[in-house]
Structure formats: C-alpha cells, structure tokens
Amino acid sequence: MVNDHLRRRREATLSPSGSGTPMTRAELARAVNEYVWRTTGRQSGLDVDTLARYERGLIRWPNADYRAGLRAVLGVARDAELGFHKTRRGRSAEGGPDTATWVRSWADEDHTSGTSADVPDTAIDLLRQALLTYAPATGTDSTRADLTSAKSEVATAFDAYQAGNFEAAALASSSALRALRAMERRGGSTDARVLALANQVGAIVLSKAGSADVAWIAADRGVSAAEASGDPTLQMSLLRTAAYSMASAGRRPEALTLVDRATSEFQRRMSQTAASAAVYGTMLLTGAVLLAADQNSAKAAAYLDEAHEAALVVGVDRNDLWTAFGPTNVAIHRANIAAVLGDMDTVLAVGAPLDVEHAPIERQVRLHLDVARAHFAAGNHDSALATLLQAEAVAPSQVRHHYITRQVVSSLVETMSRRPGVDLARLARLADVPLA
C-alpha cells in the first residue's frame, strides 16, 4: 500500500533552498541525517532510494532514528501522521523493507495453493520461490506484465543490491522475474537482455544471502538468455555471475575453469569499449578471489594485475552493467584477497585508508568488513567493532547476511571478558550469533 501520508507531508514542506518548491527526497534525507547526527551523535545513511521505498509503502516501520528525524523535519508529533505503523512481523532486516504486507498480498493474488507452507516468509524466500515454481500466471501478473515495468524492476533490484539492501533487491528481482514469466505464458515476446539481467541480479543476491543452490539455477538461466541476446559483453558479465554462483555452491574448480576459458576468449575485446573492459576486469577479480580461496597467491596476484590493466583502460570508476568497476574496486579486491590469504597487515595498509565514499555502498561495506576482521586479527577489538558499526549504519541488510559479520561478531563475543555491550549485543542479534 502506497504511503501517501509521507509523500504529501514532504510535498507540503518547502525546500530549504528558498526556491519555494516542495522539499525533494534528497533534501529530506540530508535533513534527517543531519538531525540524527545533531541529536544523537550517530552517523546515519538515509538516502533517496530508501525514502522512495518508504513512500511506496515497501517499508512500513523505519528504524527509530529515522522516524524521529522525519517527525522533526516534517513537523509532526506521531509516526502515524507519516503513515508509519508497526506490522505483525515488525521491521525486517534492521531497516530493510517490511515484507509481511507484500508477501500477504502475493498470497492473496492466488499464487499459492492456499496452504500456509506455500507463503514465503522473507524477501529471499520469495525470490527463491519465484525461481523454483512454475505456477500459471495469474490475472494480476498478466495485467502488470510489460517490458517497461520489468526493466524498471531490474534496475531497482541492481540499485538496491549496490545500496547493500538485499531484501529490497530480492523483492524487485522477484517482481521482474514474475512479470517476464507472465509475458512468456501469454505468448508475448520478451527481451533476452532483460531476462538475462533479471536472472543475474537474482543470482547475485541469492549467492550473497547464502542460497547458492538456487543462485546457480538463476545464473544458468541468465547465461542462456545472454547467449540468446547475441551481446558478447553481456555474456561475459553473466559468465562471471555463473562462476561466482558455481563456486558458492562448492564447485570452485569448475568455476575457475570457466573463468580461465572466458577471460582467454574475451581478452581481445577488452579494449574495444569501457564496458567490455569493465566486465573483463570484473571476471578477473572474481577469478582472483577464487584463487585466493585456494591459497594460490601467485596466480591471484597475476589476475589482480591484469584487472588493474583493465581498470586503466576504463580510466575511472564506472558502473557499466552494474559492475562498479574501476581502480577503486580493484583496490578493494586487493584488500579482500589479502584478507583471504591471511595477510592482515596488507588489508590495513591498503584498505583502511582507501577513499571509497564514491563507490556503491555494497562495495564500501565489503571493504569495511575486511578491515574489521583485520583489526580483530591485529588485536584491535574496539576498532573491529567500530568498523562493523560503521558498515551496519549504512547497510544493515548486507551486514546481516554476510558471513564475515558472523565470524567477527562471534570472535568478539567469545573473547569478551564481560557481558557484551549494547552495540555488540545488537550486532549479534542482527547476525544471529548466540550471546551465551
């Protein structure tokens, strides 16, 4: 259900620029973040995309800091005046979208056989079900299904993923896949590129959320669609996702074979366009990570060096095909691979001072997690906790799902000589780490 209360209140508030126009989402997000900092001393990361999800009703109960900031900036006394209400399940994923209402509406549209076991509990479950079920398209699906809306959902899914919001990404990719399937069911034509990208973002989210089995299914379908598109750059991008999904499912040798073959075949195209260099370099980074996991430091370094050459072709940090590829991403991967190889001194030397504010949030948080585990390994437990909190402030969904969070939080809990403090206890709950 759309949250018209929040949208109307924002539009009734004048822009602080003095233009006499309504306050924009960007201005509102900035004002809320400033309020939170001024009143609590905490950094917050409310952004335009999250506000858009509030106004679309995808998030019905933001965190307490954001609610307080929105009340203050928009001049209301109660959350209900902004359309915010606690749901049966409360907030999901510490600031991620509340999926309870969305999932209930999904069930009401007759996607299920009527049993409670058929209704997904979370956005990740919903995405899994979108990939694993082949129920006939419903009337609601058919009326919503068109290529423009599918493209929009794919873009929303990638943007949400790069913002570190895995639940929102799962919702959008689920919607895109269902729309595309409905179009196929009613005999309409779909765009192979859109189908490839819809499966790609689904595979990426599921891999990161620990659903490697279904991620591989999505990646395989995405590769087939990319091949049908006839676009070699898109094919390379999907093969990279397939390699990562394959490795996540425990098939690292096959994944490395795929990386070797694909990079060899694609190398001659690398310098033709910035986009082709970006997907080539991203595949090399994937290979370097997999090689580091095998403790093959020499070949991992060779892949990193080749990725650096690709970054020089690209020239600057770009986001072709949502690769976020460029010199910064190569540096982030140097820190990541050093962490995998146990070289925590290099992680702190390369990663800690790296300026990543212009990179997608997902990339920023990935670096913070590596720096956090490096701090812990170096015995700097307070710095490890502070770095995790920094990451959690901007992308709680990503932090919640990542295995490094669980590793570092578990280690911090185990080494505490006293009862964990409020922040560590909250992170433990977020990552499902037992405190006793």
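A few remarks follow.
- Just checking the listed ones, 19, 411, 397: in the Gaussian network model of the chain with Cα springs under 10 Å, the one fluctuating most is 19.
- Peptides ranked, highest mean first, by Cβ atoms within 10 Å: ranges 151-162, 5-16: 151-162, 5-16
- Relative contact order (%) - the chain, alpha-carbon pairs under 8 angstrom, separation at least six: 10 percent
- Computed over the chain, the per-residue total of -39500 (n - 2.57) for DSSP H runs of n ≥ 4 gives a 222 nm mean residue ellipticity of -20500 deg cm²/dmol, rounded to 500.
- Residue among 230, 45, 326 with the largest mean-square fluctuation in a Gaussian network model of the chain, springs linking Cα atoms under 10 Å: 230
- Residue-span extension gain [residue 56 to residue 80] - 0.36 nm each, minus C-alpha spacing: 7.1 nm
- Cα centroid separation - segment 318-391 against segment 1-16, whole Å: 37 Å
- Packing here is the average count of other Cβ atoms within 10 Å per residue, and on that basis the peptides 211-223, 259-271, highest first, run 211-223, 259-271.
- Each of the peptides 400-409, 347-356, 331-340 was scored by the mean count of other Cβ atoms within 10 Å over its residues; in descending order, highest first, they stand as 331-340, 400-409, 347-356.
- Size of electric dipole in segment 4-82: Cβ of Lys, Arg +1 and of Asp, Glu -1, about Cα centre, debye, nearest 20: 140 debye
- On the principal axes of its alpha-carbon atoms, segment 372-422 has extents of 29, 22, 17 Å, going from largest to smallest.
- Neighbourhood net charge (12 Å Cβ-Cβ; Lys/Arg +1, Asp/Glu -1) for residue 52: +1
- Segment 228-338 - percent relative contact order, Cα under 8 Å, separation 6 or more: 24 percent
- Summing charges over all other residues whose Cβ lies under 14 Å from the Cβ of residue 299, with Lys and Arg as +1 and Asp and Glu as -1, gives -3.
- Stokes-Einstein translational diffusion, segment 4-82 - Kirkwood Rh over all Cα pairs, 0.692 mPa s, 37 °C, in µm²/s: 262 µm²/s
- For the chain, hydrophobic long helices are taken as DSSP H runs at least 27 Å long by C-alpha position along their axis with mean Kyte-Doolittle hydropathy of 0.0 or more; these are 166-185, 274-293.
- Inter-part distance where segment 403-436 and segment 233-274 are each reduced to a Cα centre, Å: 36 Å
- Formal net charge of residues neighbouring residue 241 (Cβ-Cβ distance under 13 Å; K, R +1; D, E -1): +2
- The Cα center of segment 38-80 and the Cα center of segment 168-204 differ in position by 31 Å.
- Two-site FRET efficiency, residue 312 against residue 269, from Cβ-Cβ distance with R₀ of 25 Å, rounded to 0.05: 0.95
Since every read-out is calculated from the coordinates, none of them should be taken as a lab result. Predicted model only: the values in this text are computed from it and were never measured. Using ideal geometry, Cβ is built from the backbone for each residue, glycine included, and neighbour counts are taken over all protein chains shown.
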